[in-house]
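Engineer: Structure incoming, see below.
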Amino acid sequence: MNYDFNITLSKESRLSTVDFDNLVFGKIFSDHMFVADYVDGQWTNLEIRPTATMEVHPANMAWHYGQSIFEGMKATRDDIGTPLLFRPEMHAVRMNKSAVRMCMPEIPEDMFVQAVSNLVALDKAWIPPAQGSALYVRPFMFATDEYVGVRPSETYRFIIICAPVGPYYAKPVKLKAEETYVRAAVGGVGEAKTAGNYAASLYPAMLAKKEGYDQIMWLDAKEFKFIQEVGTMNIFFLIDGKVVTPATDGTILKGITRDTMMHIMKDKGLEVEVRPISIDELLQAYDAGKLQEVFGTGTAAVVAIVSDIKYKDRVLSLDAENYVVGPMLKETINGIRAKKIADTHGWIQEATIELQAV
Ligand SMILES: *Cc1c(COP(=O)(O)O)cnc(C)c1O
């Protein structure tokens, strides 16, 4: 179905003030945003309008009780500037899974994809041309009832904003395997991309930073034994020529990049095992000289090479300079997104908009 959007264009573009060669991740936003409201059981007031601040009542329920979810995806371009989306329908599906868990309304998948597509097409000049750079697209939804008291909100707002971004982690990252705090327990909300998960990670992440580590590698909440994921990335290990990634068990965010990477590895004839992997297995592999690579995958970072993992009083140091699989995956996905490598899975879709005379 084709949804009717109201479009209000910005009077003047801010694009000329932006330096694509020196982008700080997530600080600069494109000219337009998409906004829709959920009222009386349906999505209304679908609109693309200039990105701007908005007024919110102090009793806004999202602030008090945390009904707030988001997605993160990237738009890229080919050589001639065609705006491209990557598996947008997967993000629509996951957004709705998060919505269900947080007792929030679902968004029709076609409405989500059309909103992203139209917005990116309208702001396509904001997609940085360099390979590895992108327009980061942030769809999010939050409660808007003005009410103090715990219950699901009856009204919500869905917004999409866009931020031009450069490559994320230039240097290899150092991880600390967390032994005190947990990210997610079975039965909790670890599989939902909901705001509170990130708030809860800030304090342990700050402690890890003080010790010189960039990110936390989370272990399971029950035994602190099985590896879950890292920050906003899923994790992969190359052990003795085989790639292993933790099986999702309700505590791990099901990364779309994770899924994409598994397809690419299969295409390249690499064996991928999806199963529980314990920190002890990792230590043993390291001691036997069989831990070859560790890398994280996610939309923002694409692939982050891991050079060190701290666990208790040990630090596993890896030869990050000589990784093969991690960098190959990054090159491949970035190449597909720039239309330099054939998109054999049909992951790429053009962003389009029909602008009527305004
Ligand atoms: C978003 C996210 C990921 C990565 O998901 P992608 O779909 O690959 O971007 C992994 N873990 C967490 C906790 C996340 O929030």
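The values are calculated or read from the model by the stated rules, or taken from the named source; none is laboratory data. Given the structure is predicted, the values throughout are model-derived calculations rather than measurements. Note that we place each Cβ from the backbone using ideal geometry, even for glycine, and neighbour counts take in every protein chain shown. Side chains are part of the model used for accessible areas, which takes the heavy atoms of the whole protein and leaves out ligands, DNA and RNA. Shrake-Rupley method; radii C 1.70, N 1.55, O 1.52, S 1.80 Å.
Engineer: If I filter the range 100-145 down to residues being polar (S, T, N, Q) and not in a strand (DSSP E or B), which single residue comes out as farthest from residue 354 (Cα to Cα)?
Structural biologist: Residue satisfying both the conditions and the ranking: 144.
Engineer: Which residues, counting only those in the range 200-235, are assigned to a loop (DSSP other than H, G, I, E, B), within 13 Å of the ligand (Cβ to nearest atom) and crowded, with 21+ Cβ neighbours inside 10 Å? Before the answer, list the steps.
Structural biologist: Filtering the range 200-235 for residues assigned to a loop (DSSP other than H, G, I, E, B) gives 211-214, 220-225, 231-232.
Checking the rest, the ones that are also within 13 Å of the ligand (Cβ to nearest atom) come to 231-232.
Listed by number, the list holds a single entry, 231.
Engineer: Just checking, which of 83, 129, 58 is more than 15 Å from the ligand (Cβ to nearest atom) and more than 30 Å from residue 328 (Cα to Cα)? First the steps, then the outcome.
Structural biologist: Details: 83 fails: more than 30 Å from residue 328 (Cα to Cα); 129 fails: more than 30 Å from residue 328 (Cα to Cα).
Residue meeting the stated conditions: 58.
Engineer: Taking the conditions exactly as written (part of a loop (DSSP other than H, G, I, E, B), of a type in the set (S, T, N, Q) and either within 16 Å of the ligand (Cβ to nearest atom) or within 23 Å of residue 5 (Cβ to Cβ) (or both)), does residue 44 satisfy them or not? Before the answer, list the steps.
Structural biologist: On the way: part of a loop (DSSP other than H, G, I, E, B): no; of a type in the set (S, T, N, Q): yes; either within 16 Å of the ligand (Cβ to nearest atom) or within 23 Å of residue 5 (Cβ to Cβ) (or both): yes.
No, not satisfied.
Engineer: Something else: Would you say residue 233 is among the hydrophobic types (A, V, I, L, M, F, W, C), farther than 20 Å from residue 314 by Cα and assigned by TED's automatic domain parsing to the domain that holds residue 317?
Structural biologist: Details: among the hydrophobic types (A, V, I, L, M, F, W, C): yes; farther than 20 Å from residue 314 by Cα: yes; assigned by TED's automatic domain parsing to the domain that holds residue 317: yes.
For residue 233, the condition - among the hydrophobic types (A, V, I, L, M, F, W, C), farther than 20 Å from residue 314 by Cα and assigned by TED's automatic domain parsing to the domain that holds residue 317 - is met.
Engineer: Could you check the range 157-170 and list, in sequence order, the residues that are open to solvent by 30 Å² or more (accessible area, probe 1.4 Å), touching a residue at least 12 places away in the same chain (Cβ under 8 Å) and of a type outside the set (Phe, Trp, Tyr)?
Structural biologist: Filtering the range 157-170 down to residues open to solvent by 30 Å² or more (accessible area, probe 1.4 Å) leaves 157, 161, 167-170.
Okay, now just the ones that are also touching a residue at least 12 places away in the same chain (Cβ under 8 Å), so 157, 161, 167-169.
If the condition is that a residue be open to solvent by 30 Å² or more (accessible area, probe 1.4 Å), touching a residue at least 12 places away in the same chain (Cβ under 8 Å) and of a type outside the set (Phe, Trp, Tyr), then 157, 161, 167 are the ones that fit.
Engineer: Is there any pair linking a residue in the range 1-16 that is without any contact (Cβ under 8 Å) to a residue 40 or more places away in the chain and farther than 20 Å from residue 115 by Cα to one that is open to solvent by 40 Å² or more (accessible area, probe 1.4 Å) and not basic (Lys, Arg), with Cβ under 8 Å and at least six apart or on different chains, and which?
Structural biologist: Partner pairs satisfying both residue conditions: 11/50.
Engineer: Mind listing whichever residues of the range 306-333 are more than 22 Å from residue 226 (Cβ to Cβ), within 16 Å of the ligand (Cβ to nearest atom) and of a type in the set (A, V, I, L, M, F, W, C)?
Structural biologist: Passing the criteria: 329, 333.
Engineer: Still on this structure, please answer the following. Does residue 155 fit the bill of being outside the structural domain of residue 22 (by TED's automatic domain parsing) and not hydrophobic (A, V, I, L, M, F, W, C)? Before the answer, list the steps.
Structural biologist: Numbers: outside the structural domain of residue 22 (by TED's automatic domain parsing): no; not hydrophobic (A, V, I, L, M, F, W, C): yes.
Judged against the criteria, residue 155 is not a match.
Engineer: For residues that are of a type in the set (D, E, K, R) and touching an Asp or Glu at 6+ places or on another chain (Cβ under 8 Å), scanning just the range 187-244, find the one that is nearest to residue 300 (Cα to Cα).
Structural biologist: Of the range 187-244, the ones of a type in the set (D, E, K, R) are 191, 193, 209-211, 214, 220, 222-223, 225, 229, 240, 242.
From the residues that got through so far, the ones that are touching an Asp or Glu at 6+ places or on another chain (Cβ under 8 Å) too are 193, 225, 242.
Numbers: 193: 14, 225: 27, 242: 25 Å.
The qualifying residue nearest to residue 300 (Cα to Cα) is 193.
Engineer: Please give the helices (runs of 4 or more DSSP H) falling wholly within the range 240-358 in which 1 or more residues are open to solvent by 80 Å² or more (accessible area, probe 1.4 Å) and not assigned by TED's automatic domain parsing to the domain that holds residue 177. Before the answer, list the steps.
Structural biologist: Values: elements: 256-267, 279-287, 325-337.
In the range 240-358, the matching helices (runs of 4 or more DSSP H) lie at 325-337.
Engineer: Only one of 155, 180 is closer than 25 Å to residue 318 by Cα and either β-branched (Val, Ile, Thr) or in contact with a Cys (Cβ under 8 Å, 6 or more places away or on another chain) (or both); which?
Structural biologist: Going through 155, 180 in turn, the sole match is 180.
Engineer: Ok, one more. Every residue in the range 187-199 that is more than 14 Å from the ligand (Cβ to nearest atom) and in contact with a helix residue (DSSP H, G or I) (Cβ under 7 Å, 6 or more places away or on another chain), please. Step through it out loud before you land on a result.
Structural biologist: Within the range 187-199, the subset more than 14 Å from the ligand (Cβ to nearest atom) is 187.
Hits for the range 187-199: nothing passes.
Engineer: Let me ask another. Take residue 49 and tell me if it is touching a Phe, Trp or Tyr at 6+ places or on another chain (Cβ under 7 Å), assigned by TED's automatic domain parsing to the domain that holds residue 150 and of a type in the set (D, E, K, R). Before the answer, list the steps.
Structural biologist: Details: touching a Phe, Trp or Tyr at 6+ places or on another chain (Cβ under 7 Å): no; assigned by TED's automatic domain parsing to the domain that holds residue 150: yes; of a type in the set (D, E, K, R): yes.
The answer is no for residue 49.
Conditions (1) among the aliphatic types (A, V, I, L, M); (2) under 21 Å from the mean Cα position of the chain (by Cα); (3) more than 30 Å from residue 336 (Cβ to Cβ), marked per residue:
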| site | (1), (2), (3) |
| --- | --- |
| 58 | no, no, yes |
| 63 | no, no, yes |
| 77 | no, yes, no |
| 90 | yes, yes, no |
| 94 | no, yes, no |
| 102 | yes, yes, yes |
| 117 | no, yes, no |
| 120 | yes, yes, no |
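Engineer: Oh, and also: Kindly indicate which of 115, 184, 92, 134 is in the same structural domain as residue 253 (by TED's automatic domain parsing), of a type in the set (A, V, I, L, M) and either crowded, with 21+ Cβ neighbours inside 10 Å or within 14 Å of the ligand (Cβ to nearest atom) (or both). Break it down into steps so the answer makes sense when it comes.
Structural biologist: Numbers: 115 fails: in the same structural domain as residue 253 (by TED's automatic domain parsing); 92 fails: in the same structural domain as residue 253 (by TED's automatic domain parsing); 134 fails: in the same structural domain as residue 253 (by TED's automatic domain parsing).
It is 184.
Engineer: Continuing with the same structure: Which ones in the range 61-80 are out of contact with any Leu (no Cβ under 8 Å at 6 or more places or on another chain), more than 12 Å from the ligand (Cβ to nearest atom) and open to solvent by 10 Å² or more (accessible area, probe 1.4 Å)? Quick ask: steps written out before the conclusion?
Structural biologist: Within the range 61-80, the first condition is being out of contact with any Leu (no Cβ under 8 Å at 6 or more places or on another chain), and the residues that meet it are 61-72, 79-80.
If we keep only those that are more than 12 Å from the ligand (Cβ to nearest atom) too, we end up with 61-68, 79-80.
Of everything in the range 61-80, those that are out of contact with any Leu (no Cβ under 8 Å at 6 or more places or on another chain), more than 12 Å from the ligand (Cβ to nearest atom) and open to solvent by 10 Å² or more (accessible area, probe 1.4 Å) turn out to be 62, 63, 64, 65, 66, 67, 68, 79, 80.
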